[in-house]
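A short reminder: the numbers here are calculations on the coordinates, not readings from a lab. These numbers were taken from a predicted model, which means no experiment stands behind them. Neighbour counts run over all protein chains shown; Cβ positions are idealised from the backbone, glycine included.
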Amino acid sequence: MAALGKLAAGVAHEINNPLNIISLDVEFLKSQVEPTNPMMENLHSISEEVERIAHIVQQLRDHAKMDEAGHEIININEIISSHIFSIAFSQLMKRGIKIELDLDKSNPLIMIPRTKITQVLMNLIKNAEDAMTERGALHVCTRQILQPKNIKDTETVSASSKTINNLVEIVISDNGQGIKPEDMNYLFEPFFTTKGFDGTGLGLFISYSIIKSYNGTIKVESEVGRGTTFSIVLPAANYQRKAPKDK
Ligand code: ADP
Ligand code: MG
């Protein structure tokens, strides 16, 4: 997966320059042709397709930047409550879609750059939006998964068990059209899309690579006509407990 990502990013980089030149040339030709000239339609069509390629290239290049992003400890609830998500949710609400947020009161912390987790969640929300009609409902939930090896604050913790690997789950469910069973195996493959020219098929591939590279997992359950649930699980960052100091 990592090698494939590198190759894709390399190809994207190489495509970018010629694409810019085509784009400039088309704009120049447009400025030279009378608006009523039948050729104008072809030029518009070229522009549209160039834009489509540029969008794919941009997604692959963003993906390549992933390696440059360092580690950040973030409060996942804060991310989901941030301005950029408020805008996305209010756009969904304008379409008549209900938004239900169910955020864990303990404000779970995870170790992943905010730009990366935002990118992943936006991909999932956009897909949910695409799958829903006006009567849709989007459910976003965060919760801690406490591992059995839980230690009380008052207990003395031996050095070997200082770290408890708790997890944080982020769930995004929609009641949209669902995914056909025969498509389920291909969702995370690059360029798999059922949206024809409206899709790039890169959203889930990139999301998967990001979550994977921060030691997380991403799973999907879906039923045609009922909806889809994506679940992301990442290691919690707030359970690095130190043993109490000796008095
Ligand atoms: P794109 O959105 O560009 O098609 P993605 O990688 O984001 O590419 O998604 C791949 C495919 O997975 C989509 O084309 C769609 O068929 C399916 N899919 C993803 N999320 C959902 C969802 N929430 N509901 C229904 N289908 C989905
Ligand atoms: Mg998508």
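A few remarks follow.
- Antiparallel %, DSSP beta bridges [both residues in region 71-242], to 5: 80 percent
- Cross-link pairs 98/212; 105/195; 98/219 - those with Cα-Cα distance over 26 Å: 98/212; 105/195
- Each peptide in 27-39, 193-205, 90-102 was scored by the mean count of other Cβ atoms within 10 Å over its residues; highest first, the order is 193-205, 90-102, 27-39.
- Working from Cα pairs under 8 Å separated by at least six residues, relative contact order for region 2-67 is 55 percent.
- Whole-angstrom gap from region 17-90 to region 168-233, using each part's C-alpha centre: 22 Å
- When the square roots of the Cα gyration tensor eigenvalues are ordered a ≥ b ≥ c, the ratio a/c for region 2-67 is 1.5 or more and a/b exceeds b/c, which makes its shape prolate.
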